[in-house]
Amino acid sequence: MIGTMMVANVFFHIIPGQKKMVEDIRAGREPDPAPGMIGKQRSVHNTYFTLPVLFIMISNHYPMTYSHRYGALVLGVIMLAGVLIRQFFVLRHRGEVKLALPAIACFLLAGLAVVIAPKLAAAPDAEAGAVAFTKIQAVIHQRCVACHAAQPTQAGFAQAPKGLMLETPDQIAAQTAKIHETVTNRYMPIGNRTQMTDAERQLVATWFAQGAKTN
């Protein structure tokens, strides 16, 4: 939506305003300052939208932000930090250096990182009974194989991400450490699209602690 607003600013205000002023100058008329003032205003808007939009464009790599319970608030803080950083550069071009702006932005981002850091699964229960691989395989097939398959069924995936497939015991055995890391740290499933539960994550952690046997 923000990207669309930026395009609309350029298409409906900035470029038409420039064309109007150029036409007036070429015709020997005194240019109407209004289109230029509106264009400048919209250019300022686009300036502050730049960094937030760049983050949104790459945010699919950071599911811990948009999949957070308060994802809209997370985005709001990141956008505010982006605006502060952009304002620093805008003022620097005028000869004003206000280091407090990027400092506040870094403080906001660092604080946000601490708040939204994925919570590790609880330590495996030493007294828990052995976790059968069949249970783990069932969880993986239900929560992971939609993407990590020779022919993914998850919309938007033409092939398994990074070529990593988890359809067979051998494929799972080759990726036990990665499965444990991404599942217990809540990085995966991406955006938790398949709704993996905390109990399932704990089951994976216990299975891994018990040696991640696949037979």
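Every read-out reported here was derived from the displayed coordinates using simple, explicitly stated rules and does not represent laboratory data. All of these numbers come straight from a predicted model, not from anything done at the bench. Because the Cβ atoms are built from the backbone with ideal geometry, glycine has one as well, and the counts that use them run over all protein chains shown.
If I stretch the segment between Ala174 and Met64 completely, what's the gain in nm (0.36 nm per residue apart, minus their alpha carbon distance), one decimal?
Between Ala174 and Met64, full extension yields an extra 37.0 nm.
Calculate how steeply helix 100-116 sits against the longest principal axis of the alpha-carbon atoms of the chain, using the helix alpha-carbon long axis, and give the answer as 0 to 90 degrees to the nearest 10.
Relative to the chain, helix 100-116 is tipped by roughly 20 degrees.
Would you work out which of His141, Ala105, His180 lies farthest towards the positive end of the dipole of the stretch 38-196? Charges go on Cβ: Lys and Arg +1, Asp and Glu -1.
Highest projection toward the positive end goes to Ala105.
Going 7 Å from the Cα of Val7 along its beta-carbon direction, which residues of the stretch 22-51 have the amide nitrogen within less than 18 Å of the resulting point?
Under 18 Å, as judged by backbone N against the label point of Val7, lie 43, 46-47, 49-51 of the stretch 22-51.
Helix 71-93: angle to the longest alpha-carbon principal axis of the chain, degrees 0 to 90, nearest 10?
Approximately 40 degrees, to the nearest ten.
Please report, in debye to the nearest 20, how large the charge dipole of the chain is about its Cα centre when each Lys and Arg carries +1 at its beta carbon and each Asp and Glu carries -1 there.
Roughly 540 debye for the chain.
If you take the charge dipole of the chain about its Cα centre, with +1 on Lys and Arg Cβ and -1 on Asp and Glu Cβ, which of Gln195, Ala205, Gly28 is farthest toward its positive end?
In the chain, that residue is Gly28.
Give the lysines whose C-alpha is closer than 17 Å to that of Lys213, dropping any in the same chain fewer than 8 places away, or say none.
Lys135, Lys178
Please give every one of the lysines within straight-line cross-link reach of Lys19, meaning a C-alpha to C-alpha distance under 26 Å, and leave out same-chain neighbours fewer than 8 residues apart.
Within the straight-line limit of under 26 Å, Lys19 reaches these lysines: Lys40.
So if we plug the beta-carbon distance of Phe157 and Phe89 into 1/(1 + (r/R0)^6) with R0 = 35 Å, what FRET efficiency do we get, rounded to 0.05?
E(calc), rounded to 0.05, equals 0.40.
Which order do the peptides 203-215, 149-161, 10-22 come out in when sorted by mean C-beta neighbours inside 10 angstrom, highest first?
203-215, 10-22, 149-161
Through the Karplus equation 6.51 cos²θ - 1.76 cosθ + 1.60, θ set to phi - 60°, convert the phi angles of the stretch 131-148 into ³J(HN,Hα) values in whole Hz; use x for Gly and Pro.
Taking θ as phi minus 60°, the curve returns 8, 6, 4, 4, 5, 5, 5, 5, 5, 5, 5, 7, 9, 10, 5, 4, 9, 8 Hz for the stretch 131-148.
Once Lys and Arg get +1 and Asp and Glu get -1 on their Cβ, which of Leu73, Gly163, Leu54 lies farthest toward the positive end of the dipole of the chain?
Leu54
If we sort 98-110, 182-194, 44-56 on the protection proxy, mean other Cβ atoms within 10 Å, highest first, what's the order?
The most tightly packed comes first, giving 182-194, 44-56, 98-110.
Note the full-extension length gain between Asn185 and Lys19 as 0.36 nm times their separation in residues minus their Cα-Cα distance, in nm to one decimal.
54.4 nm
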